[in-house]
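Notes for the one structure printed next.
The values are calculated or read from the model by the stated rules, or taken from the named source; none is laboratory data. Just so you know, these numbers come straight off a predicted model, no measurement behind them. Heads up, the Cβs are rebuilt from the backbone with ideal geometry, glycines too, and the neighbour counts pull from every protein chain shown. Ligands, DNA and RNA are excluded from the accessible area calculation, which covers all protein heavy atoms including side chains. Shrake-Rupley method; radii C 1.70, N 1.55, O 1.52, S 1.80 Å.
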Amino acid sequence: MAVYTQVSAEALAAFLTRYDVGELVSAKGIAEGVENSNYLVDTTAARFILTLYEKRVSADDLPFFMALLDHLADKGLPVPPAIKDRGGVEIQELAGRPACLIRFLTGVSVSHPTPAQAHAAARAMADMHMAVADFAPTRANSMGIATWRPLLERMGADMDAIDPGLFARVDAALREVEAAWPATLPVGAIHADLFPDNVLMLGDTVSGLIDFYFACTDVRAYDLAIMHSAWTFDATGRTADAAIGAALLAGYADGAALSAAERAALPLLAQGACIRFLLSRAWDWLHTPADALVMRKDPLAYARRLDWYRTHPGAFA
Ligand SMILES: Nc1ncnc2c1ncn2[C@@H]1O[C@H](COP(=O)(O)OP(=O)(O)OP(=O)(O)O)[C@@H](O)[C@H]1O
Ligand SMILES: N[C@@H](CCO)C(=O)O
């Protein structure tokens with residue numbers, strides 16, 4: 001469960017007096033998510049999400065994330081901007097952590113998306129990519145390709161405790177990905193973590209894109225490749241659903257043109273996406289005590305996806 005930082009009812013009630021949002025009625029910790037502490041907050045006026053930012057979100061990056069959310073919300077995308085307090089301030093401090101009160105969005109994240117839902121979600125990603133054409137702020141990808149080898153080397157042979165030979169397998173795949181990584185594809189602000197749990201849906205309609213805390217300036221087609229790796233497989237990474245994959249490509253193409261060069265790069269970008277999530281999951285696997293309250297995500301589910309992309313070069317044809 002993801003409540004690392006406890007906030008007392010008294011501290012929360014006092015915090016809310018900075019805003020014009022009514023008075024505290026109830027607050028519950030939200031179990032989903034692994035990165036930040038999230039509370040569902042009801043006031044006499046409305047419902048909100050309170051997020052306290054933990055280890056992987058740097059306070060220095062919050063202005064970028066909040067500017068991006070404001071920009072997308074202004075363009076009509078279903079994203080949750082932070083609420084401004086009476087002085088116009090979005091990024092606050094609470095219980096010693098950076099904190100934001102965020103607009104609550106209705107909808108549920110689906111664990112087994114249908115092709116229609118995948119289509120709608122990829123269309124929403126395309127809309128997001130188009131909507132940031134005039135978004136000026138930039139942020140380097142803190143989990144981008146330049147970070148993968150240092151992370152791999154830091155774990156070194158410890159990775160073989162997860163699965164014998166894992167270090168060598170990832171090392172070899174990364175060498176190929178590094179050698180062929182495209183340098184000239186269109187870049188822009190991307191979500192970089194648009195897994196099914198970060199898309200809220202009402203039926204086949206996207207009601208929310210959430211969790212922008214890996215958003216950064218990077219290759220747009222890489223965002224689609226991340227989405228493909230996250231949506232197309234079952235949780236173990238063993239089985240790929242071709243209908244979901246096709247729906248993602250079609251949904252994206254509905255909202256944004258995918259050039260021949262972008263399409264041709266997708267198999268490699270998807271392998272990069274697998275390496276990125278394999279490495280972050282492996283790091284957490286090795287550094288989170290097995291009895292911690294947070295659920296560790298299986299790195300091998302991404303090792304299997306990596307193998308799949310390496311053996312299915314025509315997956316995006
Ligand atoms: N604006 C919102 N409106 C409605 N529900 C939200 C909103 N933001 C977050 N949630 C809920 O809180 C949960 C956790 O949020 P989020 O995914 O941002 O957490 P996280 O710790 O950053 O997770 P992750 O492990 O995906 O990085 C979501 O699954 C969703 O149920
Ligand atoms: N979406 C990531 C967790 C958040 O970075 C994963 O499934 O590994």
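Of all residues in segment 174-226, those satisfying the criterion of being open to solvent by 40 Å² or more (accessible area, probe 1.4 Å), of a type in the set (D, E, K, R) and out of contact with any His (no Cβ under 9 Å at 6 or more places or on another chain) are R175, E176, E178, D197. Determine whether segment 80-94 contains at least one residue that is of a type in the set (A, V, I, L, M, F, W, C), in contact (Cβ under 8 Å) with a residue 60 or more places away in the chain and touching a Leu at 6+ places or on another chain (Cβ under 9 Å). Taking every residue of segment 80-94 in turn, at least one turns out to be of a type in the set (A, V, I, L, M, F, W, C), in contact (Cβ under 8 Å) with a residue 60 or more places away in the chain and touching a Leu at 6+ places or on another chain (Cβ under 9 Å).
Residue by residue through segment 56-78, note down the ones that are open to solvent by 50 Å² or more (accessible area, probe 1.4 Å), in contact with a Pro (Cβ under 9 Å, 6 or more places away or on another chain) and among the charged types (D, E, K, R). D74, the sole residue that qualifies.
May I ask you to verify whether R304 is among the basic types (K, R), surrounded by fewer than 17 Cβ atoms within 10 Å (Cβ to Cβ) and farther than 30 Å from A59 by Cβ? Explain how you work it out, then say what you get.
On the way: among the basic types (K, R): yes; surrounded by fewer than 17 Cβ atoms within 10 Å (Cβ to Cβ): no; farther than 30 Å from A59 by Cβ: yes.
Judged against the criteria, R304 is not a match.
Looking for something more than 20 Å from F195 (Cα to Cα), within 16 Å of ligand 2 (Cβ to nearest atom), outside any loop (DSSP other than H, G, I, E, B) and charged (D, E, K, R) - is there at least one such residue anywhere in segment 1-22? Reasoning before the result, please.
Here is the first cut: in segment 1-22, the ones more than 20 Å from F195 (Cα to Cα) are 3-22.
Applying the additional criterion that residues be within 16 Å of ligand 2 (Cβ to nearest atom) yields 4.
Of the ones still in play, those that are also outside any loop (DSSP other than H, G, I, E, B) are none.
Within segment 1-22 (the criterion being more than 20 Å from F195 (Cα to Cα), within 16 Å of ligand 2 (Cβ to nearest atom), outside any loop (DSSP other than H, G, I, E, B) and charged (D, E, K, R)), the answer is no, since none of the residues qualifies.
Residues that are away from ligand 1 (no atom under 16 Å from the Cβ), out of contact with any Phe, Trp or Tyr (no Cβ under 8 Å at 6 or more places or on another chain) and not aliphatic (A, V, I, L, M): does segment 187-199 have at least one? Can you show your working first?
Just the residues of segment 187-199 that are away from ligand 1 (no atom under 16 Å from the Cβ), to begin with: 187-189.
With the extra rule that they be out of contact with any Phe, Trp or Tyr (no Cβ under 8 Å at 6 or more places or on another chain), the set shrinks to 187.
Still in the running and not aliphatic (A, V, I, L, M): none.
Taking every residue of segment 187-199 in turn, none turns out to be away from ligand 1 (no atom under 16 Å from the Cβ), out of contact with any Phe, Trp or Tyr (no Cβ under 8 Å at 6 or more places or on another chain) and not aliphatic (A, V, I, L, M).
Go through segment 204-317 and tell me which helices (runs of 4 or more DSSP H), entirely inside it, have 3 or more residues that are within 16 Å of ligand 1 (Cβ to nearest atom). Before the answer, list the steps.
On the way: elements: 220-231, 242-255, 260-287, 299-311.
Qualifying helices (runs of 4 or more DSSP H): 220-231, 260-287, 299-311.
Within segment 23-55, the residues that satisfy the criterion of being of a type outside the set (V, I, T) and within 16 Å of ligand 2 (Cβ to nearest atom) are A31, E32, G33, E35, N36, S37, N38, Y53, E54, K55.
For T43, the criteria (1) surrounded by 18 or more Cβ atoms within 10 Å (Cβ to Cβ); (2) at pLDDT 95 or above; (3) closer than 30 Å to R281 by Cβ; (4) touching a Gly at 6+ places or on another chain (Cβ under 9 Å) hold in every case but one, which is (3).
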